[in-house]
1. Out of everything in segment 34-44 that is within 14 Å of the ligand (Cβ to nearest atom), buried (at least 19 other Cβ atoms within 10 Å of the Cβ) and of a type outside the set (S, T, N, Q), what residue ends up being nearest to the chain's Cα centre (by Cα)?
2. Name, by its number, the condition in (1) of a type in the set (Gly, Ala, Ser); (2) surrounded by 18 or more Cβ atoms within 10 Å (Cβ to Cβ); (3) over 30 Å from VAL111 (Cβ atoms) that does not hold for GLY219.
3. Can you give me the number of residues within segment 166-198 that are under 11 Å from ASN147 (Cβ atoms) and modelled with pLDDT under 95?
4. Within segment 191-213, is there a residue that is under 30 Å from PHE35 (Cβ atoms), touching a helix residue (DSSP H, G or I) at 6+ places or on another chain (Cβ under 8 Å), crowded, with 16+ Cβ neighbours inside 10 Å and without any contact (Cβ under 8 Å) to a residue 60 or more places away in the chain?
5. Among the residues of segment 158-177, write down those that are touching a helix residue (DSSP H, G or I) at 6+ places or on another chain (Cβ under 6 Å), within 13 Å of the ligand (Cβ to nearest atom) and not charged (D, E, K, R).
6. Just a yes or no: is a residue in segment 121-144 in contact with a Lys or Arg (Cβ under 9 Å, 6 or more places away or on another chain) and polar (S, T, N, Q)?
7. Of the residues in segment 129-154, how many are surrounded by fewer than 21 Cβ atoms within 10 Å (Cβ to Cβ) and either more than 10 Å from the ligand (Cβ to nearest atom) or among the polar types (S, T, N, Q) (or both)?
8. Could you grab me the full set of residues in segment 156-177 that are more than 23 Å from ALA78 (Cβ to Cβ) and assigned to a loop (DSSP other than H, G, I, E, B)?
Amino acid sequence: MRLVVLKDYDEMSHWAANYIAARIKAYGPVAAKPFVLGLPTGSSPLGTYRQLIGLYQKGEVSFAKVVTFNMDEYLGLAADHPQSYHYFMWDNLFSHIDIDKDRVHILNGDVQDPHAECAAYEAAIQAAGGIELFLGGMGEDGHIAFNEPGSSLYSRTRIKTLTTDTKTANARFFGGDPAGVPSRALTVGVGTIMDAREVLILVSGYKKARALRAAVEEGINHMWTLSCLQMHPRAVIICDEAATDELRVGTVRYFKDIEGIR
Ligand code: GLP
């Protein structure tokens, strides 16, 4: 695992966007072999999305031959609901870049049969050749996508009941009331994320520090699902200084040393 410690949110976003753009360019995607990119929602990736839009506008990256799969969606919210992850993605990224609508995949939270929706999503990822790079964030309790504490580290795309902690953290998008946050979501599993050829995680702010310590310094544990990355052959966590507040001084010094960061 790489842990890249940068000064603040803006540096983290800049680094991540340039890394993603470089990976897409190096892959050289064509229609028959597109670059398959996994994407998250939340506050963590917003700066990265803004930077990616900037790189696209400068002609430095194109998404015309990119296929995307989002991590998750609230169960019961239609795509046009302002708090749906569909809405978030079009509002904050897809409407501003040259991506083909048919290449965008987001779980449909407004379906009759959510189990069938989840199975079809896994099949679609397989049919696309698997995910090349999965970008993600992390919840304050160490969750990845909506894989709440206690999720199987082999889990696949399925329905998850959200914890009160997660509903409280996400209440800011629902008028501040945790009761207004949907109780369940559809989410890719930990196993689905582990199948990606590379995983890139954004972690910003002191509120994430306790979970970052657990994921990086403690053992692999289903109570902190991001810790699964310790088993991934190509995982990168990009964080800011504030997120390292609970890590040992020696841990931060070690990772900065091997990244050549002072
Ligand atoms: C939600 C999402 C996660 C995201 C997490 C953190 O629970 N399902 O994918 O990583 O929130 O969000 P934020 O980046 O807003 O802190």
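1. So, considering only residues that are within 14 Å of the ligand (Cβ to nearest atom), buried (at least 19 other Cβ atoms within 10 Å of the Cβ) and of a type outside the set (S, T, N, Q), the one nearest to the chain's Cα centre (by Cα) is PRO40.
2. Looking at each condition in turn, GLY219 falls short on (2).
3. Final tally of qualifying residues: 1.
4. Yes: one or more hits.
5. Scanning segment 158-177 gives THR168, ALA171, PHE174.
6. Looking through segment 121-144, none of the residues is in contact with a Lys or Arg (Cβ under 9 Å, 6 or more places away or on another chain) and polar (S, T, N, Q).
7. The initial filter retains those residues of segment 129-154 that are surrounded by fewer than 21 Cβ atoms within 10 Å (Cβ to Cβ), namely 129-130, 132, 140-141, 149-150, 152-154.
Among the residues that remain, those that are also either more than 10 Å from the ligand (Cβ to nearest atom) or among the polar types (S, T, N, Q) (or both) are: 129-130, 132, 149-150, 152-154.
Here the count works out to 8.
8. ARG156, THR163
The values are calculated or read from the model by the stated rules, or taken from the named source; none is laboratory data. Given the structure is predicted, the values throughout are model-derived calculations rather than measurements. In this analysis, Cβ positions are derived from the backbone assuming ideal geometry, glycine residues included, and neighbour counts consider all displayed protein chains.
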